[in-house]
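A short reminder: the numbers here are calculations on the coordinates, not readings from a lab. A quick note: this is a predicted structure, and the numbers were derived from the prediction, not measured. Cβ sites come from the backbone with ideal geometry, for glycine too, and all protein chains shown count toward neighbours.
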C-alpha cells in the first residue's frame, strides 16, 4: 500500500515510472490484496487511494490493439484466468477486465462483463447479459441474474461503490446503482431498480428507507424486495397515475425462485 500512496504523491510522474508499479497494483487487485472498499468495525469504508491509482491507469495508458482483437488502453485489457483459480468463464463472450478479483468457484455465463476494480467473492454466479460495473463489491454465494446491471462507481473517488453482501439473490433484469448497499441474505426480485435516490417502501415495518448520510440506499438483511407502485396526484383529467417504487414485502422465509425470476 505504501508504494502506491507514494506513487500518488509523486510530482511529474512519467509513464515509464508508472508502468512497473501499475503492473504490481493490478496483480494485487486480481488477488484481492487491495480493494476499493473494505468492511471495518461494522461498516463499509471506501479506499479512495485505490480509485486514484485506477484512474492513473487510464491516464497513462495508450490505446493499442490486443492479440484477441480488442482495442483498449495498454494498461488495461483482458484479465488472464488460470485453471488453478477455480473460476468458470464459459465462453469468449465473457469479458473480465484486468484488475478484477475473482474468488474460487465464481461462474460467468455468456455474454457478461466485469470491469476494473470489481471484487467478486467465492461461489458467485454472474448470469447471461449481466454487468458488474467498475469497483462493485460482490460477496460470497451471490446470484446475479440474467440481464442484471450492477452499476460502476469509479468517480468521484470518494463515492461509495455498489456493495452486494454475501448470499444475496438479484433477480433477472434488476438494476442496482449509485452506491446502493444490499445487505446479507437479501432478495431482489426480477425487474427491481434501486439507485441512491430511490426511496424503498418497507411495507413490513411501515417505513420508507431513504438515503443515509453517505447518500446510499441500504437494503436490510434478508429483505425481500419486489417492484411496486404508489399513487401520485394526477393533473390530467380522468387519468390516474402511479409511480414505480421498490417495495419490501417480507423478511427471510421461503420465496419461490420462479416468482423472483419472472419479470
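Of note:
- Test: residue in the range 57-69 that is within 19 Å of the chain's Cα centre (by Cα), at negative phi and surrounded by fewer than 17 Cβ atoms within 10 Å (Cβ to Cβ): no
- Every residue from the range 103-121 that is within 15 Å of the chain's Cα centre (by Cα) and either surrounded by fewer than 24 Cβ atoms within 10 Å (Cβ to Cβ) or touching a residue at least 60 places away in the same chain (Cβ under 8 Å) (or both): 103, 113, 115, 116, 117, 119, 121
- Count of the range 107-124 residues which are under 27 Å from residue 58 (Cα atoms) and not in a strand (DSSP E or B): 7
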